[in-house]
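To start, the structure itself, in structure tokens.
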Amino acid sequence: MHPESTHPKQRPPVRVLNHRGRRHRSLHKSLLRCALTSQTFDELLHALIGELKQHCQPALILFYRPAESENQASSRILYQQSTSTPDAALLSQLDQVCQNSIQSKEVEIQPCIDINFMLYAAPITTRGQAVDALGAVFPATNSTEPFSLLLQAVATHITLWHTLREGLQQEQHARDSAAIVELLSNLSRSTNFTQAAGQTASDLADYLGCRQIAIGSQDTVHTRCRLVGLSGCPQFDKAAKSVGLIEAALDETLRQQSSLVWTDQHSTENPELQPLQTVGEQLQAKSILCVPLASSDQQADTVVCVVDLPLDRLKQTQCLLEAAGQPLANALHAAQRRSSLTGNWKTALRQSLQGKTRRAVLAACLLFTALMFIPWPYQVKCACQLEPVMQRFVVAPFAGSLETMLVEPGDLVHQGDVLARMDPRELKWKRASLISDQKQAIKRRDSAQAARDFTTQQLSRLEAERLGLEIELLDHRINNLEIKSPVDGIVVAGTLNWAEGAPLEIGEALFEIAPLDQMVVEVAVPDSEISHVREAQSVHIRLEALPDSDQTLQLERIHPRAELRDDANIFVAEAAVYNSQGLLRPGMKGRASIQTAPQPVYWILFHKPWNLIRKYLY
């Protein structure tokens, strides 16, 4: 329409919306409904223009300009009142106003070349970026606010529609990603390639909502693509006509190495789509989509064929399969390799178990089973340690000071050998003091006797006798300052705990001497094996210090109470051993093997794992 041909007196009355009125709220509700219910952008624009016609006088011209447009040719007129062609200069000016609005991200208002009209432009933003602009030509009025608010309301609802579309797309992408991850997880656990391909086809068909999905695989470049998986058909007739047609479509897709799409809305003479059209006509499908799947190390050799998918979801499904093509192909190839290894192993085993070989293997299995039930002596393996049969303690004979130590732990001693010597100085000092006191007592006795003081005489005599006895005791101690060994043996403890000159109390232990002629082997039997161990059973010991001198002994005693050694609960069993060669020493450790009652071979091999399983399960 030409602005010059529109006279202000002939213009239709302009219905301006009050932003606080009922009609304003009704219009916003209608625009919101359009933004929420429109599926496509063209449908949205058509609905918005319809609501504008119903609620208010629309603009003389509604103009849409994409942001990426560099020329006016890509812009378009959404609505105009007149059926005549708009003036080119007017459209050029309106396009410039829209471009300014995109750059400034604000509403732009400029007077038209015709003073009876005003040009408005509002940006349509998405994520803060101006992507498009909406322009309009409104009649010139005293206030531009009503038309500016109206245009902003339309632009805001277009922005809302874009935001909702992006949210729905992101939600769909999240669902697609979760479905692909679940599909890959199922494929990673499969060991049979045919079953994996069939299950993958069924899962894809359920998720995409199509009638059927076929998966084909090509062994080599020069071989035909064969159908390996069909949704809803774990077992299918490979000689069926429909299977041959599907394989032909899969072959064509691999030859093109690109996705192929066919729909029944238009007939095609393209030879590349003829196999897909034949499949669609045979299956009476409305659409056929074939997408090649290429692994990360080679070209595509796997194809997914989607049969009878809704037309509005073809593009989305194609993008999904192309994006997930590489991980799906890798997962299918991995399943194929696992299936090949399993199949080769089973085939080799089946071929080896034929004829005489099969009978020999069967006889060996029977012999092995019989051997499992043969009784065999059960040996309880455990640790052992040498200990002396008895221990003699050498103590201080009287209180005094230690003069010197003559032996250390580990020294061999004989009966009567001097182990240590007490310090005599304190004893001698005390003896000299007692002798002086004794002489004084004798003098007092003699003086009392001369004075005929019989009471004092008797007391002095008794005091002199007491001091004489103490002197005799000190003489005995001075004559027995040497501490001697009471038996032949080895010094187990002492010396290191005492220093020369240290004070000693009477009866305080200085040394621990163990005889070496006979020792005891303490066998640490685990509490889980104590029920099989009895006294008088033979035990074979091997000491770590003497690996070549094994001995076989008999258990003489089993302690009734368990002990805790090395964080393990054990029962101590004792066996006597004679040290005829003098090589054994207390504290030597080794391993012991107790010969218990015979048990079946299978019990000997498996009772420990079985008890361990029962321990953690019950």
Quick one: which strands (runs of 3 or more DSSP E) lie wholly within the stretch 98-208 and hold at least 3 residues that are surrounded by 15 or more Cβ atoms within 10 Å (Cβ to Cβ), hydrophobic (A, V, I, L, M, F, W, C) and not assigned by TED's automatic domain parsing to the domain that holds residue 336? 117-126, 129-139
Looking only at residues in the stretch 129-150 that are under 19 Å from residue 161 (Cβ atoms) and of a type in the set (Gly, Ala, Ser), which one is farthest from the chain's Cα centre (by Cα)? 136
Here the residues within the stretch 436-478 that are within 18 Å of residue 426 (Cα to Cα) and touching a Leu at 6+ places or on another chain (Cβ under 7 Å) are 437, 467, 470, 471, 474, 477, 478
Mind checking which residues of the stretch 392-449 are closer than 19 Å to residue 466 by Cβ and polar (S, T, N, Q)? 433, 436, 438, 440, 447, 449
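With out of contact with any Leu (no Cβ under 7 Å at 6 or more places or on another chain) and under 13 Å from residue 378 (Cα atoms) as the only criterion, which of 597, 562, 545 stands out?
Numbers: 562 fails: under 13 Å from residue 378 (Cα atoms); 545 fails: under 13 Å from residue 378 (Cα atoms).
On inspection, the qualifying residue turns out to be 597.
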Taking the conditions exactly as written (at pLDDT 85 or above and over 24 Å from residue 196 (Cα atoms)), does residue 310 satisfy them or not? yes
Tally the residues that are outside any loop (DSSP other than H, G, I, E, B) and touching a helix residue (DSSP H, G or I) at 6+ places or on another chain (Cβ under 8 Å), restricting the search to the stretch 389-412. 2
Number of the exception - residue 440 against (1) surrounded by 13 or more Cβ atoms within 10 Å (Cβ to Cβ); (2) closer than 22 Å to residue 506 by Cβ: (2)
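Scanning for something more than 19 Å from residue 506 (Cβ to Cβ) and part of a loop (DSSP other than H, G, I, E, B), does the stretch 444-451 turn up at least one residue? Lay out the reasoning, then the answer.
Looking only at the stretch 444-451, we keep the residues that are more than 19 Å from residue 506 (Cβ to Cβ), and these are 444-451.
Retained after the next criterion (residues that are part of a loop (DSSP other than H, G, I, E, B)): 451.
Within the stretch 444-451, one or more residues are more than 19 Å from residue 506 (Cβ to Cβ) and part of a loop (DSSP other than H, G, I, E, B).
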Matching residues, the stretch 575-599, being part of a strand (DSSP E or B) and either of a type in the set (Asp, Glu) or more than 50 Å from the chain's Cα centre (by Cα) (or both): 575, 576, 577, 578
Residue 541, sole failed condition from (1) in a helix (DSSP H, G or I); (2) touching a Gly at 6+ places or on another chain (Cβ under 8 Å): (1)
Which residue out of 493, 536, 464 is touching a residue at least 24 places away in the same chain (Cβ under 8 Å) and not in a strand (DSSP E or B)? 464
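The values are calculated or read from the model by the stated rules, or taken from the named source; none is laboratory data. Since the model is a prediction, treat every value here as computed from it, not as a measurement. Don't worry about glycine lacking a Cβ; one is built from the backbone with ideal geometry, like all the others, and counts go over all protein chains shown.
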